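Below: the structure, in structure tokens.
Each value in this text was obtained by applying a stated rule to the coordinates, not by laboratory testing. Bear in mind the structure is a predicted one, so any value in this text is a computation, not a measurement. Glycine also receives a Cβ, built like all others from the backbone with ideal geometry; neighbour counts cover every protein chain displayed.
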Amino acid sequence: MKIVSRLLLFICLILVISCNTKKTDTYTEVEIASSSAALNAWFDEQFDADVALSPQWQTSLGFKTNYGKWDDISSGQMAEELDRAKERLRYLNNEVNVEALDTVTAISYELYKLNLEHTIEDYEYRFYNYPVNQMFGLHSTVPAFLINKHRIDSISDAKAYIERIRGVKPLFKELQNQLSIRETNQIIPPKFVLDRVLDDSKNILKGRPFEKSTEQMPILADFQSKIEKLKLDEETQNMLIKEASEALIDSLKPAYEELIAFVDNQKIRATTDDGAWKFPRGDQYYAVALNRSTTTHMSAAAIHQLGLDEVARIHAEMEMIKKNVGFEGSLQDFFEFMRSDDQFYYEDSDAGRAAYMKQAKAIIDGMRSRLDELFITKPKAEIVIKRVEAFREKSAGKAFYNSPASDGSRPGIYYANLYDMKAMPKYQMQALAYHEGIPGHHMQLAIAQELDSLPKFRKFGGYTPYIEGWGLYCEYLPKEMGAYKDPYADFGRLAMELWRACRLVVDTGIHDKKWTREEGITYYKENTPNAESDCVKMVERHIVMPGQATAYKIGMNKILELRTKAEKELGKSFDIRKFHEVVLGQGALPLAVLEDRVIEYIEASKE
């Protein structure tokens, strides 16, 4: 299998840039502008064509086309995607004169080409995933999507919502078909994953209209809340609620019941083997997963060792904080103190959760007031903080960010999961808010969407080590601004960095070294101060998303490495605002391309 290496990409980009330095001798500025505009228009045409095939993507972007439809998840759709990728790659190879492109468009050319090559190469692994799992399975995506992304501004929007409810039955029929195909290919989730899926699926069927209850099931409650805001006459409102209730009973309920029966049956054949090594050619697949997740060619062994080294370094810094606060005992004793002492947690009550949300907003607002110290360009989109909804909070991650709609109709959302208050300590609040909100994901993702110079595939696409590396870098950045005034908050920052370092160890441990789920949980418990529930969720995430969690620390390390290089070479002329402008100014990039941009910035700043 051919994989485009980091070195090859670097060489390609150097050749492109080299060609650009000679363009004025061969092509006029008008010709370069025309060729670049034509290719960017082609990029956007392909992006729009892809969006047109995905009703859910359309809704996520704020469009209301195909508003009552779900995406096609069939194998036929995957084959068509492969054909499109091959045709587009032929076009780029044969029809585009790279020498006649400006520098930004030349980089877009290489990135788009790389994405196509990955799509083609990854086709053989198209079934190497779990369409239902505790992180983002379709069974939980359906209610989360309707509640968070399907706006109702009119009666026709309400009808489209009902149409989507009715569409769950055929959607889940194809989902079962996909699960069967994967089982034929020896891709079956571990037993614990299926248990989580069963629990979440059964939770959806609680409440009205499925049973006599004082509570409505989440979708019906959301639907009623949204149409009440339309201020319709009572007869119309009641009719819509009745139609939604019937759709839930006639389509959604049997869809979930059939899925539950299917998963129950598959569980009989599931095992407790957790790593990708259990798949056919699992070692090859995991190498590809690490490559895609990190945009490097680091081996599993190298990543594992990096993790061990980083864990040791961070433990040493934690020892200094332990000493400074006067704690007597081992680092493990200090971890237990941080885990168990009530002073570090809000109470497990509505009042405690409200207090957490109020403080999280205050942290975001405080950093928002200091953005001019760090950034030249700032996003226009707003950010709001929300609790993870009850129907998915038990299995969802502790915090995450949803990008704003491109048309401004939906702000960026920083979600905090307050299901287990012991998993959300006060001392991690700052670092968590900085990562998910400001200056973290909201700055990076919202700015990328608002960049006029980039084609759409770059505005809305991404590379995990860049995106998550930026988020982790933004946990560290406020330390330099004096934001972590409480030593326990600084410990919390280190605890979160430690968490990402442990991910390097455990992800490779599970998928390369054949660690069990229990061994992974034990490693987190022994090396971090996090709650046991955190440790369990993280290991279970590793298991269903091989390689993904390695991106954070590798991305952060690269950004810090590049910043250190710029500071060293530019000395007193180094400007943190300009550095961040370079990092954020072209959206998400593979780490090799980001490095090229920073080097160019350094050289240009010396002139």
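Compute the relative contact order of the chain as a whole-number percentage, counting only Cα pairs closer than 8 Å that sit 6 or more residues apart in sequence.
It comes to 16 percent, rounded to a whole number.
When the convex hull of the C-alpha atoms of region 283-557 is computed, what volume per residue in Å³ does it have?
Taking only Cα atoms, region 283-557 has a hull volume of 134 Å³ per residue.
Given the rule -39500 (n - 2.57) for each run of at least 4 DSSP H residues, summed and divided by the residues of the chain, what is its mean residue ellipticity at 222 nm, to the nearest 500 deg cm²/dmol?
-20000 deg cm²/dmol, from helical runs alone.
Which stretch or stretches of region 117-136 have amide N atoms under 12 Å from the point lying 7 Å from Asn185's Cα along the Cα→Cβ direction?
Counting only backbone N, you get 122-131.
How big is Rg to Rh over region 374-416, alpha-carbon atoms, Rh as the Kirkwood inverse-mean-distance radius?
1.08
For the peptides 293-299, 356-362, what is the packing order when you average, over each peptide's residues, the other Cβ atoms within 10 Å and list the highest mean first?
For the peptides 293-299, 356-362, the packing ranking is 293-299, 356-362.
Given +1 on the Cβ of Lys and Arg, -1 on the Cβ of Asp and Glu, and no further charges, what dipole in debye does the chain carry about its Cα centre, rounded to the nearest 20?
I would put it at about 440 debye.
Relative contact order for region 283-557: what percent, with Cα pairs under 8 Å and sequence separation of 6 or more?
Worked out over region 283-557, it gives 27 percent.
Can you give me the relative contact order of region 138-270 as a percent, contacts being Cα pairs under 8 Å and 6 or more apart?
That works out to 40 percent.
Starting from one equal scatterer on each C-alpha and no solvent at all, send me the Debye-based log10 I(q)/I(0) for region 138-270 at q = 0.20, 0.21, 0.22 Å⁻¹, two decimals.
At q = 0.20, 0.21, 0.22 Å⁻¹ the computed log10 ratios are -1.13, -1.21, -1.30.
Tell me the Rg and the Dmax, in Å, that the Cα atoms of region 516-587 produce.
For region 516-587, the Cα-based Rg and Dmax read 18.0, 51 Å.
Shape verdict for region 473-607, please, from the Cα gyration tensor: rounded (a/c under 1.5), prolate (a/b greater than b/c) or oblate.
Oblate.
Just order 526-539, 330-343 by mean Cβ neighbour count inside 10 Å, highest at the front, would you?
For the peptides 526-539, 330-343, the packing ranking is 526-539, 330-343.
Does the chain come out rounded, prolate or oblate, given a ≥ b ≥ c as the square roots of the eigenvalues of its C-alpha gyration tensor, rounded meaning a/c under 1.5 and, failing that, prolate meaning a/b above b/c?
Rounded shape, in that the Cα axes give a/c under 1.5.
Give me the extension gain from Met320 to Asp83: residue separation times 0.36 nm, minus the current Cα-Cα distance, reported in nm with one decimal.
79.6 nm
Quick one: which residues, 5+ away or cross-chain, put their amide H under 5 Å from the amide H of Arg387? H built at 1.01 Å from N.
Excluding prolines and chain starts, which carry no amide H, the hits are Ala416.
Which stretch or stretches of region 203-225 have amide N atoms under 20 Å from the point lying 7 Å from Asp264's Cα along the Cα→Cβ direction?
Once the point is set 7 Å along Cα→Cβ of Asp264, 203-207, 210-212 turn out to lie under 20 Å by backbone N, inside region 203-225.
Test of understanding: express the Cα radius of gyration of region 266-419 as a ratio to 2.2 N^0.38 Å, with N the residue count.
Relative to the rule-of-thumb radius for its length, region 266-419 sits at 1.44.
If packing is taken as the average number of other Cβ atoms within 10 Å across a peptide's residues, how do 209-217, 307-315 rank, most packed first?
307-315, 209-217
Using +1 at the C-beta of Lys and Arg and -1 at the C-beta of Asp and Glu, which of Tyr476, His118, Ala106 has the Cα lying farthest in the positive direction of the dipole of the chain?
Toward the positive end, the furthest listed residue is Tyr476.
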